[in-house]
1. Could you tell me how many of the residues in region 21-48 are closer than 19 Å to Val66 by Cβ and loosely packed, with under 11 Cβ neighbours inside 10 Å?
2. Determine if region 5-13 includes at least one residue that is farther than 15 Å from Thr72 by Cβ, surrounded by fewer than 10 Cβ atoms within 10 Å (Cβ to Cβ) and among the hydrophobic types (A, V, I, L, M, F, W, C).
3. Report, ordered by the first and then the second residue, all pairs with beta carbons closer than 7 Å, sequence separation of six or more or different chains, a first member in region 50-66 that is touching a residue at least 40 places away in the same chain (Cβ under 8 Å), and a second member that is surrounded by 15 or more Cβ atoms within 10 Å (Cβ to Cβ).
4. From (1) assigned to a loop (DSSP other than H, G, I, E, B); (2) modelled with pLDDT of 90 or more, pick out the condition that doesn't hold for Arg2.
5. Got a number for residues in region 43-76 being closer than 20 Å to Ala31 by Cα and in contact with a Pro (Cβ under 7 Å, 6 or more places away or on another chain)?
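The values are calculated or read from the model by the stated rules, or taken from the named source; none is laboratory data. No experiment lies behind these values; they were computed from the predicted model shown. We place every Cβ from the backbone using ideal geometry, glycine too, and count neighbours over all the protein chains shown.
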Amino acid sequence: MRDPNDDQYWLDDYTSRGLITIQQAIGLDAALAQFAPELKGYVVADDAEPWTVNTATTAAAATGRVVVTPNTIAAPRPPA
């Protein structure tokens, strides 16, 4: 299973090497609202099956989608 700190590790690593610049951190709902016109949907990666992360990332990049997990899909959303 993935460690929740993995994402922060890679963000810190890429930032320190100058590969990315983080302008602003926003929540999932704000990101989806901002980029919804550019997205065609999503591809599910399951943390219980780690190999699906690479597969989902490749499929999502090739088709204009984003990668989500079952927990992301099931997360409660605040009222609009």
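1. The total comes to 12.
2. The answer is no, given that none of the residues of region 5-13 is farther than 15 Å from Thr72 by Cβ, surrounded by fewer than 10 Cβ atoms within 10 Å (Cβ to Cβ) and among the hydrophobic types (A, V, I, L, M, F, W, C).
3. Once the first residue is touching a residue at least 40 places away in the same chain (Cβ under 8 Å) and sits in region 50-66, its partners that are surrounded by 15 or more Cβ atoms within 10 Å (Cβ to Cβ) give Val53/Ala45.
4. (2)
5. Of the residues in region 43-76, 1 are closer than 20 Å to Ala31 by Cα and in contact with a Pro (Cβ under 7 Å, 6 or more places away or on another chain).
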